[in-house]
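S.K.: Please find one structure pasted underneath; my questions will follow.
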Amino acid sequence: MKKFHKVIAVLAVMLTCAYPCTFMYFQNVGEGDFNEILIPLGIFLGVAAGITLIGGLILKSLEKAALFSSLFMLMFMNFNQVANAVPGAIEEYILWVFLALYGGFLLYLWKSKWNAFVPCTVIAGIFGGLILLNGVIAAPAIIEKIGFRPDTRSKLADAVDSDTQGSSKENVYYFIFDEYGGPKSLEYYYEFDNRDLVDFLEASGFVYSKTSYNRESIATVDIVPNVLNLDYVTTVNGTSEGNLKYTENPALYQIFRNMGYQINLINHSGMLDEKGVKVISSHKTNEKVETLTDYILQQSLVHNIMVDFMPEQTTASIYAEVLRSALRDMKYAWREVEPDQPTLTVCYLQCPHVGFVFDSDGNRIAGEDYSNWTNKEHYINQLLFLNGWIKETVELIQKNDPGAIIVMQSDHGARYGKHCMYLYKEEDYDAELETASMQNILNCVYWGNREPADIEGLSGLNTWRTVLNVMFGTDLEMLEEPQGYVYRWRKVTGLQ
């Protein structure tokens, strides 16, 4: 019986540590991988083991030590959630309050004579049951994530081959800037006129659309695979993993390969599939920088320890380093084109998307503002910072790769409404107006030596169909844009 009591005690500690990690994974199956919870889980189990060992030496009882460790870990793993919920003047004293309470509880356990087996059993039952329940609920999404594989051969690609009349061999650069707001989006949310960049692009020969929208969604994982496949292939509100599988050998890549092109990819944050392409990276950018690992650790005391003792290892610092590296890759992408064959360069940048790490001059901002949407300056400053890189990139391509075609788009506009939803009362949220504002995109094309085509009002997908028609003499029709998608007000929790 004593051995069984000890097993339950250890299980209580392990399930307590496992619950927040598994909860975040099950709630975000599409956005994250299971291995992203292994680091925080390992840290939590290590801390819990140390607390249990020390507690066992003091209390002379594994059950009491396990009870103390389980309750201590609840505070340790959720410290910042609690601290952020109290008034600022009290927040700095919260840790001392917790330590005093747990010190008192440890003293109580040391003096008491009762066995802690029953509370350990309750803790193990509660957290074990919650893990099981969340796993059952997430099971369909997990099955889809493991088993789904789209048909990657496109009928469009079969219609465009090297014998197509009017075929072109100039290099093509495609830049996707995640969350870069179009004119309507920036005006609505920020009262900001991006005229400086627009004037530069138009003076550089770009055709700029002010009224382009990607209307099927406001999510990258729904929109980018559609654009790359020149068709509406994703399931809106489906799993991210399922939709992103459509970035494996998409129709756009197949068409350019049929025409003899090499495909280069700059893949900031590892969003797109990298099979069969040449990945350009001066830094290891194919690691996701906003992961379940980050979110879980940010809620715990581990984050505070990292900020105090290892500031260079914080999420914001790592993100800034990787983003700046990806920007350099974008700026010098023209150096990577193949000398003996035309090249399509696809560059995905998670910018000006959160995290907010740079001001308009490229200086680092405070780490606590990494995901601070409420201060509107952070998004605009990061957008202005990116504008500077865009200008330098355009100038270098036009100087060193004259005649190249350049397509610049965003997947969706600024999603201030989504990210700051907790600021709105439900009855005040005009869902249709907010959705339209968040769907207005950056969309412009430099046609090189080609006769410029009008793209005003075209979606990102139809803009690319237009580019292919101009380059390769195809007759791809403009697809009717999906209608009726509205991002409704809802309580936002967890990793978004």
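S.K.: Rounded to the nearest 10 degrees, what's the angle between the helix 94-111 long axis and the longest principal axis of the chain, both from Cα atoms, 0 to 90?
M.R.: Once rounded, the angle reads 30 degrees.
S.K.: From the alpha carbon gyration tensor of the range 1-70, can you work out the equivalent ellipsoid semi-axes (sqrt of 5 times each eigenvalue) and give them in Å, largest to smallest?
M.R.: The answer is 28, 12, 8 Å, longest axis first.
S.K.: Further question: Excluding N469 itself, calculate the net charge of residues whose Cβ lies under 14 Å from the Cβ of N469, where each Lys or Arg counts +1 and each Asp or Glu counts -1.
M.R.: The answer is -2.
S.K.: List the relative contact order of the range 1-139 as a percent without decimals, with contacts defined as Cα pairs under 8 Å and 6+ residues apart.
M.R.: Computed value for the range 1-139: 41 percent relative contact order.
S.K.: Let me ask something else about it. Antiparallel versus total DSSP beta bridges in the chain: what percent is that, nearest 5?
M.R.: Beta bridges within the chain, antiparallel portion: roughly 35 percent.
S.K.: State the volume of the convex hull built on the alpha-carbon positions of the range 170-290, expressed per residue in Å³ and rounded to an integer.
M.R.: Expressed per residue, the convex hull around the Cα atoms of the range 170-290 is 152 Å³.
S.K.: Taking the simple approach of a point 7 Å from Cα along Cα-to-Cβ for both K60 and Y429, what is their distance in nm?
M.R.: 5.7
S.K.: At q = 0.14, 0.17, 0.29 Å⁻¹, work out log10 I(q)/I(0) for the range 169-219 with the Debye formula, treating every Cα as an identical point scatterer and leaving solvent out; two decimals please.
M.R.: Per q value, in the given order, log10 I(q)/I(0) is -0.47, -0.67, -1.31.
S.K.: Moving to a separate point now. From the C-alpha gyration tensor of the range 316-365, pull out the three semi-axes of the equivalent ellipsoid (sqrt of 5λ each), sorted largest to smallest, in whole Å.
M.R.: Semi-axes (√(5λ), whole Å): 27, 10, 8.
S.K.: I need the Debye-formula profile for the range 336-409: one equal scatterer per C-alpha, no solvent, reported as log10 I(q)/I(0) at q = 0.15, 0.26 1/Å, two decimals.
M.R.: Per q value, in the given order, log10 I(q)/I(0) is -0.62, -1.17.
S.K.: Using Cα atoms only, what is the angle between the long axis of helix 315-331 and the major principal axis of the chain, expressed in degrees (0 to 90) to the nearest 10?
M.R.: On a 0 to 90 degree scale, this one is about 10.
S.K.: Leaving out ligands, DNA and RNA but keeping every protein chain, what accessible area does F34 have, in Å² rounded to the nearest 10, with a 1.4 Å probe?
M.R.: 110
S.K.: Here's something else I'd like to know. With +1 on the Cβ of every Lys and Arg and -1 on the Cβ of every Asp and Glu, and nothing else charged, how large is the dipole of the chain about its Cα centre, in debye rounded to the nearest 20?
M.R.: Once rounded to the nearest 20, the dipole reads 2640 debye.
S.K.: Please work out the average accessible area per residue across the chain, using the 1.4 Å probe convention, and give it in Å².
M.R.: Solvent-accessible surface per residue comes out at 45 Å².
S.K.: A further question on this structure: Leaving out ligands, DNA and RNA, and with a 1.4 Å probe, what % of the accessible surface on the chain is carbon or sulfur?
M.R.: C and S atoms contribute 56 percent here.
S.K.: Turning to a different aspect of this structure: Figure the gain on full extension for E187 and E338 (residue separation times 0.36 nm, minus the Cα-Cα span) and round it to one decimal in nm.
M.R.: Additional length available on full extension: 50.3 nm.
S.K.: Excluding M408 itself, what net charge comes from residues whose Cβ is under 13 Å from its Cβ, given Lys and Arg +1 and Asp and Glu -1?
M.R.: The answer is -2.
S.K.: If I model a spin label at I143 and N115 as a point 7 Å from the Cα along the Cα→Cβ vector, what separation in nanometres do I get?
M.R.: In this crude label model, I143 to N115 measures out at 4.3 nm.
S.K.: Once R0 is set to 41 Å, what does the formula 1/(1 + (r/R0)^6) return for the Cβ-Cβ distance between S281 and L99, expressed as a FRET efficiency to the nearest 0.05?
M.R.: 0.40
S.K.: At a Förster distance of 22 Å, what's the computed FRET efficiency of L130 paired with Q81, Cβ-Cβ distance as r, to 0.05?
M.R.: So the FRET efficiency works out to roughly 0.85.
S.K.: Under 13 Å from the Cβ of I58, count the other residues' Cβ atoms, weight Lys and Arg +1, Asp and Glu -1, and hand me the total.
M.R.: Taking every other residue near I58 into account, the sum is +3.
S.K.: Beyond 18 Å, what share of the Cα-Cα pairs of the range 365-469 is found? Please give it as a whole percent.
M.R.: When all Cα pairs of the range 365-469 are counted, 63 percent exceed 18 Å.
S.K.: Over the chain, how many percent of alpha carbon pairs lie in each 10 Å bin up to the one with the longest distance?
M.R.: 4, 17, 26, 23, 14, 9, 5, 2, 0
S.K.: May I pose another question? Can you tell me the 0 to 90 degree angle between the C-alpha axis of helix 117-147 and the longest principal axis of the chain, rounded to 10?
M.R.: 20
S.K.: For S360 and L396, what does the FRET efficiency come to when R0 = 22 Å and r is the distance between their Cβ atoms, rounded to the nearest 0.05?
M.R.: 0.55
S.K.: What's the ranking of 6-14, 330-338 by average number of surrounding C-beta atoms within 10 Å, highest first?
M.R.: The most tightly packed comes first, giving 6-14, 330-338.
The values are calculated or read from the model by the stated rules, or taken from the named source; none is laboratory data. Fair warning: this is a prediction, and the values are worked out from it, not measured in the lab. With ideal geometry, Cβ positions are generated from the backbone for all residues, glycine too; neighbour counts draw on all protein chains shown. Please note that ligands, DNA and RNA were not included when accessible areas were found on the heavy atoms of the full protein model with its side chains. Shrake-Rupley method; radii C 1.70, N 1.55, O 1.52, S 1.80 Å.
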